[in-house]
Amino acid sequence: MPRSMLHDSLRLELMDDVPVARLQSTERVFDRAVERVARLIRETVAKGQPHLLLDVRDAAFDSPSVVDRLRMVRQWAEAADGRLRIVVVARPEFIDPERFGVVVAANFGLTVQVFEREEDAFAWLRAERAAELERSASRPGRRGERNP
């Protein structure tokens, strides 16, 4: 059963050992929402969590412009410091067909992906976890040891 609590205009819960933040419709200012998410990202990193699911389907502001997306992912990338994967669940009109925010985020060192459906977001996180476990298992051990 997920644990839930409110954090400013974000409702937080833990599902499948993944922190899930749901932006509430009470947040009507894009820049303020971006800052609150950045604060949450820093807290999530400080707790050692490697993943965050951010659900913005209830956002009360318009779809962000290209410039807004650039500023948003830069701020989130700085907050994550390369130690967090973020998956965003958004309404279709919030998702850029070219995935501009995803591409720019990668350039800033942030692994992020965006989906319309929460199920797809969790599937992506599971795949990312599996890939990380595989990479960890294939790394050489102590000096002189070989991986089978």
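All of the numbers you see were taken from the coordinates with simple rules; none came from a lab. Model, not experiment: these values are computed from the prediction. All Cβ positions, glycine included, derive from the backbone under ideal geometry; neighbour counts span all protein chains shown.
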Stokes-Einstein D for the chain (10 °C, 1.306 mPa s, Kirkwood Rh from Cα pairs), in µm²/s, comes to 99 µm²/s
Can you give the calculated 222 nm mean residue ellipticity of the chain, where each DSSP H run of n ≥ 4 adds -39,500 (n - 2.57) and the sum is split over every residue, rounded to the nearest 500 deg cm²/dmol?
-13500 deg cm²/dmol
Order of Trp76, Trp124 - criterion: other Cβ atoms within 10 Å of each residue's Cβ, fewest first
Trp124, Trp76
Report, in debye and to the nearest 20, how large the dipole of the stretch 3-138 comes out about its Cα centre when Lys and Arg carry +1 and Asp and Glu carry -1 on their Cβ.
320 debye
Expressed in nm to one decimal, what extension gain is obtained for the pair Glu78 and Glu35 from 0.36 nm per residue of sequence separation less their Cα-Cα distance?
14.3 nm
Counting other beta carbons within 10 Å of each residue's own, what order do Phe100, Phe122 fall into, fewest first?
Phe100, Phe122
Which angle between 0 and 90 degrees, to the nearest 10, do you get for helix 30-46 versus the longest principal axis of the chain when only C-alpha atoms count?
30 degrees
For Val103, what is the net charge nearby, where nearby means another residue's Cβ is under 12 Å from its Cβ and Lys, Arg count +1, Asp, Glu -1?
0
Listed by chain and number, the residues whose amide H is under 5 Å from that of Glu116, excluding neighbours fewer than 5 places away on the same chain and using placed H, are Ala90
On C-alpha positions alone, give me the angle between the axis of helix 66-80 and the longest principal axis of the chain, in degrees, nearest 10.
50 degrees
What is the antiparallel percent of DSSP beta bridges lying wholly in the stretch 7-148, to the nearest 5?
35 percent
Non-local residues with an amide H under 5 Å from the amide H of Leu54, with H modelled 1.01 Å from N and Pro and chain starts lacking one, are Ala21, Val87, Val88, Val89
